[in-house]
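Here's the structure, in structure tokens; my notes come after.
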Amino acid sequence: MTRSFDSVLVANRGEIAVRILRSVRAAGYRAIAVYSQADAQAPHVALADEAVLLGPAPVRDSYLNSERILDAARRSGAQAIHPGYGFLSENAVFAAACEAAGLVFIGPSAQAIELMGNKAAAKRRMLEAGVPCVPGYQQANADDAALIAAAQEIGLPLMVKAAAGGGGRGMRLVTDFDALPAALEAARSEASNAFGSGELILEKAVQRPRHVEVQVFGDHGGELIHLGERDCSVQRRHQKVVEEAPCPVMTAELRRAMGDAAVAAARSIDYVGAGTVEFLLDESGNFYFLEMNTRLQVEHPVTECITGLDLVDLQLRVARGEPLGLRQEDVRLCGHAIEVRLYAEDADKDFLPATGRVERWLAPCGAGLRVDHGLCDGLEISPFYDPMLAKIVASGPDRETARRRLLRALNDTVLFGVTTNREFLIDVLGRDRFAAGEATTAFLAEEFTGAVSTVRSGAEDRALAAALQMRHLATAAAQARVSGSEAVLGMRRLPATFLYDVGDDEVLLQVTQLAADRFEVSCADAVTRVAVLSEGRKGLLRVDVDGIQYTVHVHFAGDAEVALQWRGRSFRFSNRLDIDRSAADAAASGAVLAPMHGNLLALRVSVGDRVERGDDVAVIEAMKMEHRLTAPASGVVAAVHGAEGDQIAAGAVVIEIEAES
């Protein structure tokens with residue numbers, strides 16, 4: 001079977017689009033991207049030979065709109081489509097539509113996608129193929145009565161799962177039969193909303209298992225092999241956080257058995273292309289089929305690192321009808337690789353997704369490091385898409401080397417402007433149980449029993465921030481005098497006093513500038529001496545703090561805020577003496593501003609209404625979370641900008657209040 005094409009459209013965005021486009025270009029194909037209005041300046045757009053606008057930012061109008069993607073292929077002359085992962089990658093209807101339009105779909109057949117897309121049908125097929133499965137109940141379209149009766153036979157604990165979905169949605173753990181009806185109702189409702197199907201299955205809950213998946217690959221000639229396994233046990237809310245290859249507890253015998261089972265699963269549906277068969281591995285070494293992902297996985301780079309293969313290039317070759325060119329005995333696993341997912345989220349706030357503008361991005365580099373990302377300075381991280389920003393991967397001859405390199409890489413990763421989970425990942429990799437290779441799917445719940453512990457600033461952090469902020473203000477004033485704008489900036493009294501919020505307290509610091517790059521910072525009875533020794537590109541400084549030299553990354557947001565990263569930790573300080581003046585000005589103006597991009601979900605007031613300071617006036621929905629907007633001052637509503645359902649930009653004026661004096 002030969003299917004020729006010379007151009008590939010990548011129907012995705014962000015880091016995976018960049019990663020696929022690079023392999024597409026390296027293989028000599030014309031690379032075509034698609035983008036939404038929110039992604040017009042995104043790196044994946046600039047990397048492609050051509051890029052086609054799909055439509056507005058919401059996914060239903062862009063990346064999930066199959067008609068617009070097919071039209072983009074027609075307009076650009078694309079001959080093949082690579083779906084990446086997420087979005088339409090496991091949509092059987094889309095795969096069939098591509099083939100009907102004469103396009104090569106770089107993935108498995110629509111039939112294979114459909115067979116594995118429903119957990120109930122997939123599990124029935126695996127049982128027929130002799131693949132070990134978790135005991136459970138997977139009959140089609142079972143009602144609550146049938147599920148409750150089946151649960152009595154399966155026994156506790158058990159998992160309620162959406163048959164049509166994944167990613168932890170529509171999933172509930174049940175440890176008490178009295179809680180089963182409520183769990184069924186909640187899971188069915190969540191599954192219906194997320195996947196358009198309320199069909200559920202039941203499975204016996206495997207206690208403290210490892211989540212181990214096997215990478216399979218097949219070609220049109222019937223060759224099917226596996227490329228080893230990945231351990232994805234470190235999960236939060238059933239979402240993977242850390243992935244590694246090979247599995248730390250794998251033996252040659254167990255790998256052979258799991259690999260054979262994965263290949264049998266793929267062969268039972270005549271699978272072609274890259275796919276992943278996921279298993280639960282219990283403490284006794286027994287493994288059970290969980291599901292099959294009929295696409296490229298987020299964590300595929302760790303497999304590439306230990307096999308030396310480019311899985312996207314293999315996908316392109318197989319899609320053309322070429323033989324895989326590998327037999328099982330040709331696959332060699334060398335060394336170890338670990339990957340973490342860098343998310344825009346706030347660990348301090350129960351991992352609430354974060355938005356913002358990338359003020360500065362510096363990816364780590366060094367031996368054994370790989371960073372897949374779609375970031376650049378100035379990029380807006382919007383609420384419309386998944387908050388994963390980048391994948392940071394480290395490899396080495398052994399697991400401990402890979403772990404140390406990854407810790408170093410995270411320490412060297414710089415991203416100002418958007419809150420990320422970077423320090424949480426550092427904490428995870430540094431835990432003794434992870435270092436020993438003992439993590440199961442219960443690892444995060446057991447290690448982080450309460451709120452996630454984040455690093456708090458110390459006296460040296462605050463002193464360094466105040467000294468650098470003072471230097472920044474002095475430099476700005478000197479530049480203003482040189483440019484002849486003394487009337488604007490030259491007469492402004494540079495503050496020598498800084499007031500920082502530290503937890504529930506405020507800390508007052510006095511800064512004395514001893515010379516152009518030397519400062520003395522006093523706080524209570526402590527004195528810290530700071531000197532800036534050299535300055536590199538993009539805010540990279542070499543500093544001396546009380547006789548010890550450090551490398552520091554620094555970024556200033558106006559005169560009031562300074563962000564710095566040093567010794568592997570990140571801090572952001574605001575001078576309350578300036579912020580309070582700004583807040584007073586905002587309150588006096590009565591302007592209610594949108595804190596982030598989002599949907600104007602509700603308006604609580606109308607023109608002419610009287611409000612008191614602190615009253616709820618509107619609700620914005622962003623990244624599936626609701627955010628209340630409150631009146632900054634007492635007065636009368638003078639204007640309302642927008643209507644419920646409108647998309648509101650960050651910083652936009654939503655409501656104007658004629659404030660009382």
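Look through the range 225-252, keep the residues that are aliphatic (A, V, I, L, M) and surrounded by fewer than 20 Cβ atoms within 10 Å (Cβ to Cβ), and return whichever of them is farthest from Tyr271 (Cα to Cα).
Within the range 225-252, the match that is farthest from Tyr271 (Cα to Cα) is Val249.
Checked against (1) outside any helix (DSSP H, G or I); (2) of a type in the set (S, T, N, Q); (3) at pLDDT 95 or above, Thr303 passes all but condition (1).
Mind checking whether some residue in the range 220-228 is of a type in the set (Asp, Glu), more than 23 Å from Val393 (Cβ to Cβ), in contact with a Leu (Cβ under 9 Å, 6 or more places away or on another chain) and not in a strand (DSSP E or B)?
For the range 220-228, residues of a type in the set (Asp, Glu), more than 23 Å from Val393 (Cβ to Cβ), in contact with a Leu (Cβ under 9 Å, 6 or more places away or on another chain) and not in a strand (DSSP E or B): present.
Counting only strands (runs of 3 or more DSSP E) that fall entirely inside the range 564-658 and contain at least 2 residues that are among the aromatic types (Phe, Trp, Tyr) and at pLDDT 90 or above, the qualifying elements are 569-574.
Every residue, every condition in (1) within 22 Å of Glu299 (Cβ to Cβ); (2) open to solvent by less than 30 Å² (accessible area, probe 1.4 Å), yes or no:
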residue	(1), (2)
Ser7	no, yes
Asn12	yes, yes
Val34	no, yes
Gln41	no, no
Ala78	no, yes
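Check the range 329-347 and report whether any residue there is at positive phi and open to solvent by 50 Å² or more (accessible area, probe 1.4 Å).
So far as the range 329-347 goes, no, none of its residues is at positive phi and open to solvent by 50 Å² or more (accessible area, probe 1.4 Å).
Filtering the range 96-109 to residues that are of a type outside the set (S, T, N, Q), open to solvent by 50 Å² or more (accessible area, probe 1.4 Å) and part of a loop (DSSP other than H, G, I, E, B) leaves Ala101, Gly102. Of all residues in the range 535-561, those that are over 18 Å from Ala516 (Cβ atoms), in a strand (DSSP E or B) and not polar (S, T, N, Q) total 7. Summed over the range 352-378, the residues that are touching a Lys or Arg at 6+ places or on another chain (Cβ under 8 Å) and either open to solvent by less than 20 Å² (accessible area, probe 1.4 Å) or assigned to a helix (DSSP H, G or I) (or both) give a count of 3.
One residue stands out among those in the range 546-558 that are out of contact with any helix residue (DSSP H, G or I) (no Cβ under 6 Å at 6 or more places or on another chain) and under 22 Å from Thr497 (Cβ atoms): the one that is modelled with the lowest pLDDT, which is Gly558. If you go through the range 10-69, how many residues are small (Gly, Ala, Ser) and assigned to a helix (DSSP H, G or I)? Number satisfying all stated conditions: 7.
The residue that is nearest to the chain's Cα centre (by Cα), counting only those in the range 386-397 that are open to solvent by 20 Å² or more (accessible area, probe 1.4 Å) and either closer than 14 Å to Glu15 by Cα or without any contact (Cβ under 8 Å) to a residue 60 or more places away in the chain (or both), is Met388. Quick check on this structure: which one of Ser382, Ser395, Ser457 is modelled with pLDDT under 95, out of contact with any Asp or Glu (no Cβ under 7 Å at 6 or more places or on another chain) and more than 30 Å from Leu508 (Cβ to Cβ)? From the options Ser382, Ser395, Ser457, the qualifying one is Ser382.
When the range 130-164 is filtered for residues that are exposed (fewer than 15 other Cβ atoms within 10 Å of the Cβ), within 20 Å of Gly117 (Cα to Cα) and among the small types (Gly, Ala, Ser), the ones remaining, listed by number, are Gly130, Ala140.
Checking Ala120, Ala112, Ala182 one by one, the residue that is touching a strand residue (DSSP E or B) at 6+ places or on another chain (Cβ under 6 Å) and part of a helix (DSSP H, G or I) is Ala120 and no other.
The values are calculated or read from the model by the stated rules, or taken from the named source; none is laboratory data. The structure presented is a predicted model; accordingly, all values stated were derived computationally and were not measured. No Cβ is skipped: glycine too gets one built from the backbone with ideal geometry, and neighbour counts run over all protein chains shown. For accessibility, only protein heavy atoms count, side chains too; no ligands or nucleic acids. Shrake-Rupley method; radii C 1.70, N 1.55, O 1.52, S 1.80 Å.
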